[in-house]
Amino acid sequence: MAFSMDIAAVFLPFLGAVAAGLFGRRIGDRMSQAVTCGCVFLSACLSVLIFKGVLEGETSNHVLLEWIQSGGLSANWGIKIDTLSAVMLVVVNVVSAMVHFYSIGYMSEDKSKPRFMAYLSLFTFFMSMLVTAPNLLQMFFGWEGVGLMSYLLIGFWYEKPSANDASMKAFLVNRVGDFGFLLGIFGCFMLFGSLDFGPIFEKAPEMADKTIVFFGHTFPALTAVCLLLFMGAMGKSAQLGLHTWLPDAMEGPTPVSALIHAATMVTAGVFMVARMSPVFEYAPGALAFVAIIGGLTCVFAASIGLTQFDIKRVIAYSTMSQLGYMFFAAGVSAYSASIFHLMTHAFFKALLFLCAGSVIHALSGEQDMRKMGGLWRIVPKTYALMWIGFLALAGIGVGGIGFAGYYSKDLILEAALGQGTAIGCFVYVLGALAAFMTAFYSGRLLFMTFHGEPREERHMLEHAHESSWVMLAPLVPLALGAIFAGGFAFDLFGGDARAAFWNGAIFVLPEHDSLSKAEHVGSLLKALPVMLAFGGLALSWLFYVARPEFPAIVSTAFGAFYRFVCRKFYFDDLYDFIFVRGARKLGGAFWRLGDDAIIDGCGPDGFAKASLRIARRVSALQSGYVYHYAFAMILGVTGLVTWFWYNG
């Protein structure tokens, strides 16, 4: 029974995608939506039952078929169910089910509903394959599958050049990270002789002191492998340096933003680091790098979110910032806190994206917050739900009781201090600063969108309306998760039940157990992030409600720095100058000098031109005058006579 339930939970979205994708024209829009929504909803229900079984100690590792047998490489296709995969299945399938139902209303005017629903379901299937993979090769299959589907979903409205550019950008940037991930997989096979998680984790302690020589330099083997694996996570989870694709991905439909940026693709890197924790624990240099990159991403993305005006881009930069929290939690060995924040973040971030979609839908596609204002009277249900999402995002809570983000974010910051190292303190400061900025840009978005008077284009409000129940109903379960998920699950992820709950799914060396040490962190340091969050929210109210002239004054006072942050620290411009223009110049040089001058010039074009030149010269002999031909004949006879005479 458990075996069939596990298979159904993973493969039902695939069946829905096949039905809508291959037979959508025959069965129609409504049936395509019904089949895909029904399959993903059943998968979500089965995921909850699987999670319940894991709570009761039921774990499994099913082998579906023998996949690859080549020399020393052996890889089976299977489904691994443990605490980590069960948590991820619930998160992925529950959020995906809500997005599927929401899409019925949001995409009601679109001409390609079956294709869209098929893409969503296939995306869900690939993500399920990723989180239940028993080996690195199958994980890479799911990894590349979600990358492919993100390309198709971001560029779903392919008539828009900006959507095509964004999808291509996401695809190419992720290929950079995936190259490192693939090298990391090769490194694992070289070190451990296997790609299955079991043998890798068993041999990891033996490899702690092993080194490799590369270009004449010696490196710790596990550190090198973990850094390569993390390179893949940086691309997939949009960490600093490989982050530029994520904001542009907002060109896709809003349900795509919710699915990709809330619970699924962008969290794949966090899941991978947690899954590989038995290897990362023996690579302290790699863990330090993960923590530093996560902390820097946290502040970097939050600072950009302060200056953006596109409602979806603000939430996208918020996603980057929250992913930074997850990674620096993993970097201080608080993997369960990292997954805890992944879970709570999935609920409130999906809620925020879908609420933003409701606002955009109400305003006939408008996304610029500078043209909004006073919407709370027109879309009161969306307004109330968005407040829930942003209070959870800001981590608001009092006296140990708060919204979901309050529990997970504070647990991460306490673990960073509990580690007791300079890196732990460094990322704690960055995380606390990001908590302040998160609360500020959360309030900024709410107050600019829903409060005050309409700033521009007042005629938009004449046709603005609350979304239909088809779009609002899926927001309710997400709102409940944003309110209660943190409190209900805290004991399992960060409390006394943590060790029994994870039951070997995550490995932490005793000397690295920062969550146990977090209990001894001072009360003031524990309360500081929440105090900063309240301060950020109050300051946003002052700037955008009480004294709305303040933002212009501040932006003018910090003119150059404000423009620097508003232009996203010029990362896109730098990459465009170095890579895009550089690639075009290099391609142009190869075309002119290589293809055109050498290959074509000496090859087909060269032969053709030589033939033409010879033909022109030969044709010049055909003058049409008889005496020319007679003279040529005399020359020929003279030549023949001379040749015979010369040869005796």
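The values are calculated or read from the model by the stated rules, or taken from the named source; none is laboratory data. Predicted model, so just to flag it, every value in this text is computed and none were measured. Here the Cβ positions follow ideal geometry from the backbone for every residue, glycine too, while neighbour counts run over all protein chains shown. Accessible surface is based on the protein model in full, side chains and every heavy atom, while ligands, DNA and RNA are left aside. Shrake-Rupley method; radii C 1.70, N 1.55, O 1.52, S 1.80 Å.
Applying the set (1) farther than 24 Å from residue 147 by Cβ; (2) in contact with a Pro (Cβ under 8 Å, 6 or more places away or on another chain); (3) surrounded by fewer than 24 Cβ atoms within 10 Å (Cβ to Cβ) to residue 313 leaves exactly one unmet item: (1). Among residues of the range 201-230 that are aliphatic (A, V, I, L, M), those with a beta-carbon under 6 Å from a residue that is open to solvent by 70 Å² or more (accessible area, probe 1.4 Å) at least six positions away or on a different chain give the pairs 212/219; 221/210; 221/211. In the range 52-107, what residues are open to solvent by 10 Å² or more (accessible area, probe 1.4 Å), among the polar types (S, T, N, Q) and touching a residue at least 24 places away in the same chain (Cβ under 8 Å)? If the condition is that a residue be open to solvent by 10 Å² or more (accessible area, probe 1.4 Å), among the polar types (S, T, N, Q) and touching a residue at least 24 places away in the same chain (Cβ under 8 Å), then 59, 60, 61, 74, 76 are the ones that fit. If you filter the range 296-306 down to residues that are open to solvent by less than 10 Å² (accessible area, probe 1.4 Å) and not hydrophobic (A, V, I, L, M, F, W, C), you find that the one that is farthest from the chain's Cα centre (by Cα) is 305.
Output the residue which, of all residues in the range 337-377 that are part of a helix (DSSP H, G or I) and open to solvent by 10 Å² or more (accessible area, probe 1.4 Å), is nearest to residue 407 (Cα to Cα). Don't jump to the end; show me each part of the working.
Narrowing the range 337-377 to residues part of a helix (DSSP H, G or I): 337-362, 369-371, 375-377.
Subset that is open to solvent by 10 Å² or more (accessible area, probe 1.4 Å): 343, 347, 361, 370-371, 376-377.
Values: 343: 11, 347: 14, 361: 32, 370: 33, 371: 35, 376: 28, 377: 32 Å.
Out of the qualifying residues, it is 343.
The set of residues in the range 378-419 that are touching a Gly at 6+ places or on another chain (Cβ under 7 Å), of a type outside the set (A, V, I, L, M, F, W, C) and in a helix (DSSP H, G or I) comprises 405, 406, 407, 408, 409, 410. Residue 186 - would you say it is among the aromatic types (Phe, Trp, Tyr), more than 22 Å from the chain's Cα centre (by Cα), open to solvent by 40 Å² or more (accessible area, probe 1.4 Å) and over 30 Å from residue 466 (Cα atoms)? Here the answer is yes, as residue 186 does meet what is asked.
Got a number for residues in the range 48-69 being of a type in the set (Val, Ile, Thr), closer than 13 Å to residue 501 by Cβ and part of a helix (DSSP H, G or I)? Steps first, answer last, please.
At the first step, the residues of the range 48-69 found to be of a type in the set (Val, Ile, Thr) are 48, 50, 54, 59, 63, 68.
Pick out the ones that are also closer than 13 Å to residue 501 by Cβ and you get 54, 59.
Those still in the list that are part of a helix (DSSP H, G or I) too: 54.
Going through the range 48-69 one residue at a time, the tally reaches 1.
For the range 415-442, which residues satisfy the criterion of being open to solvent by less than 40 Å² (accessible area, probe 1.4 Å) and not small (Gly, Ala, Ser)?
Filtering the range 415-442 down to residues open to solvent by less than 40 Å² (accessible area, probe 1.4 Å) leaves 415-418, 424, 427-428, 430-432, 434-435, 437-442.
If the condition is that a residue be open to solvent by less than 40 Å² (accessible area, probe 1.4 Å) and not small (Gly, Ala, Ser), then 417, 427, 428, 430, 437, 438, 440, 441 are the ones that fit.
Scanning the range 19-44 for residues that are modelled with pLDDT of 95 or more and β-branched (Val, Ile, Thr) yields 35, 36, 40. Taking residue 625 as the residue in question, decide whether it is open to solvent by 100 Å² or more (accessible area, probe 1.4 Å), at pLDDT 75 or above and of a type in the set (Ser, Thr, Tyr). The answer is yes for residue 625.
Taking the criterion of being in contact (Cβ under 8 Å) with a residue 60 or more places away in the chain, in contact with a Ser or Thr (Cβ under 9 Å, 6 or more places away or on another chain) and hydrophobic (A, V, I, L, M, F, W, C), the residues of the range 246-270 that qualify are 246, 249, 250, 256, 259, 260, 262, 263, 265, 268, 270.
Considering only the range 439-446, I want to know if a residue exists there that is modelled with pLDDT of 90 or more, of a type in the set (S, T, N, Q) and out of contact with any Asp or Glu (no Cβ under 8 Å at 6 or more places or on another chain).
Applying the first criterion (modelled with pLDDT of 90 or more) to the range 439-446 yields 439-446.
From what is left, the residues that are of a type in the set (S, T, N, Q) are 442.
From what is left, the residues that are out of contact with any Asp or Glu (no Cβ under 8 Å at 6 or more places or on another chain) are 442.
Checked the range 439-446: at least one residue is modelled with pLDDT of 90 or more, of a type in the set (S, T, N, Q) and out of contact with any Asp or Glu (no Cβ under 8 Å at 6 or more places or on another chain).
Within the range 370-392, being under 21 Å from residue 317 (Cβ atoms) and either touching a His at 6+ places or on another chain (Cβ under 8 Å) or modelled with pLDDT under 90 (or both) holds for 370, 371, 372.
From the list 624, 639, 606, pick out the single residue that is part of a loop (DSSP other than H, G, I, E, B) and either touching a residue at least 60 places away in the same chain (Cβ under 8 Å) or farther than 28 Å from residue 169 by Cα (or both). Walk me through it before giving the result.
On the way: 639 fails: part of a loop (DSSP other than H, G, I, E, B); 606 fails: part of a loop (DSSP other than H, G, I, E, B).
Criteria check complete, one pass: 624.
Residues in the range 26-35 include none that are out of contact with any Pro (no Cβ under 6 Å at 6 or more places or on another chain), outside any helix (DSSP H, G or I) and without any contact (Cβ under 8 Å) to a residue 40 or more places away in the chain.
Is it true that some residue in the range 600-616 is open to solvent by 100 Å² or more (accessible area, probe 1.4 Å), of a type in the set (Ser, Thr, Tyr) and farther than 30 Å from residue 166 by Cα? So far as the range 600-616 goes, no, none of its residues is open to solvent by 100 Å² or more (accessible area, probe 1.4 Å), of a type in the set (Ser, Thr, Tyr) and farther than 30 Å from residue 166 by Cα.
Could you list all residues from the range 250-295 that are among the hydroxyl-bearing types (Ser, Thr, Tyr) and either open to solvent by 10 Å² or more (accessible area, probe 1.4 Å) or within 17 Å of the chain's Cα centre (by Cα) (or both)? Result: 254, 257, 264, 267, 282. Checked against (1) of a type in the set (Gly, Ala, Ser); (2) more than 25 Å from residue 324 (Cβ to Cβ); (3) without any contact (Cβ under 8 Å) to a residue 12 or more places away in the chain, residue 422 meets all criteria but (2). In the range 4-35, how many residues are crowded, with 19+ Cβ neighbours inside 10 Å and either within 11 Å of residue 115 (Cα to Cα) or not β-branched (Val, Ile, Thr) (or both)? Final tally of qualifying residues: 12.
Tell me which residues, restricted to the range 167-202, are β-branched (Val, Ile, Thr) and more than 15 Å from residue 272 (Cα to Cα). So that I can check it myself, show each step before the final result.
Taking the range 167-202 as the starting set, the residues that turn out to be β-branched (Val, Ile, Thr) are 173, 176, 185, 200.
Correct list: 173, 176.
Given the criterion farther than 19 Å from residue 270 by Cα and open to solvent by 30 Å² or more (accessible area, probe 1.4 Å), identify the matching residue among 403, 390. That would be 403, the only listed residue that is farther than 19 Å from residue 270 by Cα and open to solvent by 30 Å² or more (accessible area, probe 1.4 Å). Scanning the range 563-589 for residues that are surrounded by fewer than 16 Cβ atoms within 10 Å (Cβ to Cβ) and under 23 Å from residue 433 (Cα atoms) gives 563, 564, 566, 567, 569, 570, 571. Among the residues of the range 207-220, are any of a type outside the set (D, E, K, R), more than 30 Å from residue 325 (Cβ to Cβ), open to solvent by less than 20 Å² (accessible area, probe 1.4 Å) and touching a helix residue (DSSP H, G or I) at 6+ places or on another chain (Cβ under 7 Å)? Checked the range 207-220: no residue is of a type outside the set (D, E, K, R), more than 30 Å from residue 325 (Cβ to Cβ), open to solvent by less than 20 Å² (accessible area, probe 1.4 Å) and touching a helix residue (DSSP H, G or I) at 6+ places or on another chain (Cβ under 7 Å). Tell me yes or no: at least one residue of the range 143-166 is closer than 26 Å to residue 43 by Cβ and open to solvent by 60 Å² or more (accessible area, probe 1.4 Å). Yes: the range 143-166 contains one or more residues that are closer than 26 Å to residue 43 by Cβ and open to solvent by 60 Å² or more (accessible area, probe 1.4 Å). Taking (1) modelled with pLDDT of 90 or more; (2) on the phi > 0 side of the Ramachandran plot in turn, residue 364 satisfies each apart from (1).
Taking the conditions exactly as written (open to solvent by 10 Å² or more (accessible area, probe 1.4 Å), at negative phi and in a helix (DSSP H, G or I)), does residue 326 satisfy them or not? For residue 326, the condition - open to solvent by 10 Å² or more (accessible area, probe 1.4 Å), at negative phi and in a helix (DSSP H, G or I) - is not met.
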